[in-house]
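> Sharing a structure below in C-alpha cells format, with a few things to ask.
What follows draws every value from the coordinates through simple rules; no lab data is involved. In this text, all values refer to a predicted model and were calculated from it rather than measured experimentally. Cβ: placed from backbone, ideal geometry, glycine included. Neighbour counts: every protein chain shown.
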Amino acid sequence: MAKPDHPDICVVGGGIVGLSCAYFLAQNGHSVTILERDSVGSHASGFAYGSLSPLGEAGLAQDILPELALARQAMSIHTEWAKTLPELTGVDTQHRFRPALDIAFSEKEVALGKSQVEWRSKEDGYRSEWLDGNQAREIVPEISKGVVGAAYTEGVADLDPYRLSLALAQACESMGASIRHGEVIGMDQPNGKVLTILTANDRIQCDSLVLAMGPWSGIISKWIDAKVPIRPLKGQILRLDAGDLEINCSVGWRGSYACTKPDGLLWTGTTEEDVGFNETPTPSGRDSVIESLTKMIPNLEEARIVEHTACLRPLSADGKVIVGPVQNKTNVFIASGTGRKGILLGPALGKIICDLITLGQSHLDIEPFRLSRFQN
Ligand SMILES: Cc1cc2nc3c(=O)[nH]c(=O)nc-3n(C[C@H](O)[C@H](O)[C@H](O)COP(=O)(O)OP(=O)(O)OC[C@H]3O[C@@H](n4cnc5c(N)ncnc54)[C@H](O)[C@@H]3O)c2cc1C
C-alpha cells in the first residue's frame, strides 16, 4: 500500500491533460497524487470554448492530419465519458453532438472550405458537405447575407470544459487519487530512481512523475536539462445573452466561432495574442471578438455580454503536442503543447501516458510527438 507521501505517481497540473493522465492511472490501480497550485480547471481547461472538432475548425488538412490518430482516440474517449462521468460523479459535462458550419465570404475561403469537405467526408463517423450561401442560411438563418458558402459537418461535438474538469477531478478522487494544493518548484532524482518533488512547503517522493503544466511547462527545462519549447498564446471568449436567438451549429470563420450552449448563452471567441502569461480580459480583446461575431452573425443589437474570460493555450514551437518520456531522467513524462485542441486531445494524452507507465509502450505512435525532437 503506497503511503500518502509516497504515491506511485505524481501528476503536476490539474488541467484537462493532468486530470486525464490521473484518471487513467488511478483506473489502472496506481496511487496518484495531483499537485495543483491554483485549483482544478482554473485556467484554459476551465475556460475554453469546449468544441470537440477532430477534423479541425477552419484549419488546413496538413495542420490537422498529424494529430488525427490522437484526435480519433480522444473523440471515442469523450463519447464514453459523456456517459460514464455523469454516472460516476453526478456532474453533467453537457457533452452533445452538434454540427459545425464553417462559413466562407470569399472565393479563396470557398476553395479552402471545399478542400476541407473533400477530406472530411472520407473520415468514418462524420458527414460533411459543401453548401452554397442560401443552403447555409437554411441551416442557420442568422448568418450574414455575405456568406457565399459553408462546409457543413456532422459528427463533431462540444461540452462544458469546466464541468468536464470538475467531473474528472471527482472521478479521480473516487478512484483513490488525491488532489493537493501546492506549487511545484523543482524535482530531484539523486540515485536515478526515486523522485522527490519539491513544493514550497513539502517534499513528496514518488516512483513516476507526469508533468502536465500547460503553458507554464517551459520552466521544466531547468528541472530536466532539456529544452521544453512551450509558450502561452492568449485567447478571449465572450458569453452573451442573446434573448431568443439560438445558434444550434458551431458557426466558424477564420478561427473564430459562435454557438448557443446548453446554458442558453451564445459563446463566442476568440483571439490569438502573444502577450506572455497575462490572463486578463481586455477591451481590445472583447472588441475583436465582437467584430468577428458580427461579421458571422450580424443582427445582435439586443445581445448583452454576460461573461468575458481570457486564458492561455500551451503552444509548442512546431504547433504539435508533446507527449512521452523525458530524456535525461528516469520515469519522468511530459504531456502538453495541445494549443487550440487540448480539451479534445487531453484524454488521448492521458491514455498514452498511462500506457507508457503501465505497459511500457503506447498503443498510438508517439514518435512525432516526443520531446526529443527539439533537442538538436
Ligand atoms: C480561448 C480558448 C478557447 C479554447 N477552446 C478550445 C476548444 O474549443 N476545444 C479544445 O479542444 N481546446 C480549446 N482550447 C485549448 C485548451 O483549452 C488547452 O489546450 C487545454 O486546456 C490545455 O490543458 P492543460 O491541462 O495542458 O493546461 P491548463 O488548463 O493550463 O492546466 C495546467 C495546470 O497546471 C498548473 N500548474 C502549472 N505550473 C504548476 C506548478 N509549478 N505547480 C503546480 N501546478 C502548476 C496550472 O495552475 C494549471 O491549472 C482553448 C483555449 C483557449 C485559450
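> If you take the Cα Rg of the chain and divide it by 2.2 N^0.38 Å, with N the number of residues, what do you get? Let's see the in-between values first.
On the way: Rg = 20.8 Å, N = 376, 2.2 N^0.38 = 20.9 Å.
Normalised Rg, Cα atoms only: 0.99.
> Relative contact order of the chain: what whole-number percent is it, with Cα pairs under 8 angstrom and at least 6 residues apart?
Numbers: 858 pairs, mean separation 87.6, N = 376.
Result for the chain is 23 percent.
> For the chain, can you list the cysteines whose C-beta has no other cysteine C-beta under 4.7 Å from it?
Lone cysteines by the Cβ rule: C21, C172, C249, C259, C311, C354.
> In terms of the Cα gyration tensor, with a ≥ b ≥ c the square roots of its eigenvalues, is region 99-155 rounded because a/c is under 1.5, prolate because a/b exceeds b/c, or oblate?
oblate
> In debye to the nearest 20, how big a dipole does the chain give about its Cα centre with +1 on each Lys and Arg Cβ and -1 on each Asp and Glu Cβ? Mind dumping the intermediate values first?
Working: 35 positive and 46 negative charges, 174 e Å.
Charge dipole, the chain, about its Cα centre: 840 debye, nearest 20.
> Further, regarding this structure: With +1 on the Cβ of every Lys and Arg and -1 on the Cβ of every Asp and Glu, and nothing else charged, how large is the dipole of region 23-154 about its Cα centre, in debye rounded to the nearest 20?
Dipole about the Cα centre, nearest 20: 60 debye.
> Hey, another quick one. Report for the chain the percent antiparallel among DSSP-assigned beta bridges with both residues inside it, nearest 5.
75 percent
> Which is farthest toward the positive dipole end of the chain among I237, A157, P7, measuring Cα position about the Cα centre, with Cβ charges +1 (Lys, Arg) and -1 (Asp, Glu)?
P7
> Follow-up question, since we're still on this one. For a quick check: sort D124, D5, D102, D207 by the number of other beta carbons within 10 angstrom, fewest at the front.
Details: D124 6, D5 11, D102 30, D207 18.
Least crowded to most crowded, the residues run D124, D5, D207, D102.
> Only helical DSSP H runs with n ≥ 4 go in: add -39500 (n - 2.57) per run for the chain, normalise by residue count and round the 222 nm mean residue ellipticity to 500 deg cm²/dmol.
-9500 deg cm²/dmol
> If you line up the Cα atoms of region 294-376 on their principal axes, what length do they span on each, largest first, in Å?
Largest to smallest, the principal-axis extents are 57, 29, 20 Å.
> Long-range amide H contacts for I34: which residues qualify at under 5 Å (H placed 1.01 Å from N, peptide plane, sequence gap of 5 or more or a different chain)?
Result for I34 returns V11, S178, I179, R180.
> Quick test of the membrane-span-like rule: which DSSP H helices of the chain reach at least 15 Å along their long axis (C-alpha atoms) with mean Kyte hydropathy at least 0.0?
Numbers: long enough: 16-27 (16 Å, 1.60); 68-89 (29 Å, 0.06); 107-120 (19 Å, -1.03); 161-174 (19 Å, 0.24); 283-296 (20 Å, -0.44); 342-359 (25 Å, 1.69).
In the chain, the long hydrophobic H runs are 16-27, 68-89, 161-174, 342-359.
> Next question, about the same structure. Please report, in whole Å, how far the alpha carbons of region 178-247 spread along each principal axis, starting with the longest.
Taking max minus min along each principal axis of the Cα atoms, region 178-247 gives 64, 30, 20 Å.
> Another question about this same structure. How would you rank M187, M75, M213, going from fewest to most other Cβ atoms within 10 Å of each one's own Cβ?
Lowest to highest Cβ neighbour count: M187, M75, M213.
> Normalising by the residue count of region 236-312, find the relative contact order in percent from Cα pairs under 8 Å and 6+ residues apart.
The normalised contact order for region 236-312 reaches 44 percent.
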